[in-house]
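Participant: Sharing a structure here in structure tokens format.
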Amino acid sequence: MSDMWAEGAEDPRDYGNPVGEKATLRGYLSNYRLTLGMKCDGLDAEQLARRSVQPSTMSLLGLIRHMASVEHHWFQRVLQGHPEQPRLYRTADDRDADFNGAIGEQAVVDEAFASWRQQIARADAWLDELAEADLGREVPLGDDDTVSIRDVLVHMVEEYARHAGHADLIRERIDGRTGQ
């Protein structure tokens, strides 16, 4: 078995030469989203929910739930100006419900992946309408701060890149698979 999930033309990620800043940011974001999904491919509910190392609650399923929450927060609540929307996978009693609620039940897995994909689709639809000239536009962040759209997109790339590294180690611990 190859270490790689997909070789050459079978790799769903695009490493072309994007033209423009928006296309570059979107390309990296898309590739990291795909990488996280690939790290989860072929695992059952119990494996997806398996914790990395004690005492951490981090798991691949938790990462999917976490990234659904991150996508929702930044694209819906901040960039689209809906801070009144409740945070996904977070309660007043459990700020880490994204990881703590990642249990090895198929219904939980199905809901998490559906939520993650929905948040990505919503973010991508918003990005489709964004003019490149608007990347520097600032939007409210909290009650007394602002953030540029560009900064949020760079943060999203960073967030996925960091968690793709976590996913590498978690997947290797589950079944020894490495690569991509």
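Bear in mind these aren't lab numbers, they're just calculated from the coordinates by the rules spelled out. None of these values were measured; they are calculated from a predicted model. Virtual Cβ from ideal backbone geometry, glycine too; neighbours counted across all protein chains shown.
Participant: Given segment 121-180 reduced to its alpha-carbon atoms as identical point scatterers, what log10 I(q)/I(0) does the Debye formula return at q = 0.22, 0.30 Å⁻¹?
Facilitator: Taking Cα atoms of segment 121-180 as identical point scatterers yields -0.91, -1.19.
Participant: Tell me the label only: which of (1) 171; (2) 122; (3) 150 is volume of the Cα convex hull per residue in Å³ as calculated from this structure?
Facilitator: Label of the calculated value: (2).
Participant: Another question, then. Which values, in whole Å and largest first, are the semi-axes of the equivalent ellipsoid of segment 71-172 obtained as the square root of 5 times each eigenvalue of the Cα gyration tensor?
Facilitator: 26, 17, 14
Participant: Using alpha carbon centroids, what distance separates segment 134-163 and segment 26-73, in Å?
Facilitator: 21
Participant: For segment 12-90, which chymotrypsin sites (Phe, Trp or Tyr not before Pro) are both in a DSSP coil and crowded by at most 16 other Cβ atoms within 10 Å? Don't skip to the end; give the middle numbers.
Facilitator: Details: sites: Y15, Y28, Y32, W74, F75, Y89; in loops: Y15, Y89.
Within segment 12-90, the qualifying chymotrypsin sites (Phe, Trp or Tyr not before Pro) (loop, at most 16 other Cβ atoms within 10 Å) are Y15.
Participant: Can you pull out the GluC sites (Glu not before Pro) in segment 60-137 whose DSSP state is coil and whose Cβ has at most 14 other Cβ atoms within 10 Å?
Facilitator: Numbers: sites: E71, E84, E105, E111, E129, E132; in loops: E84, E105.
Filter output for segment 60-137: E84, E105.
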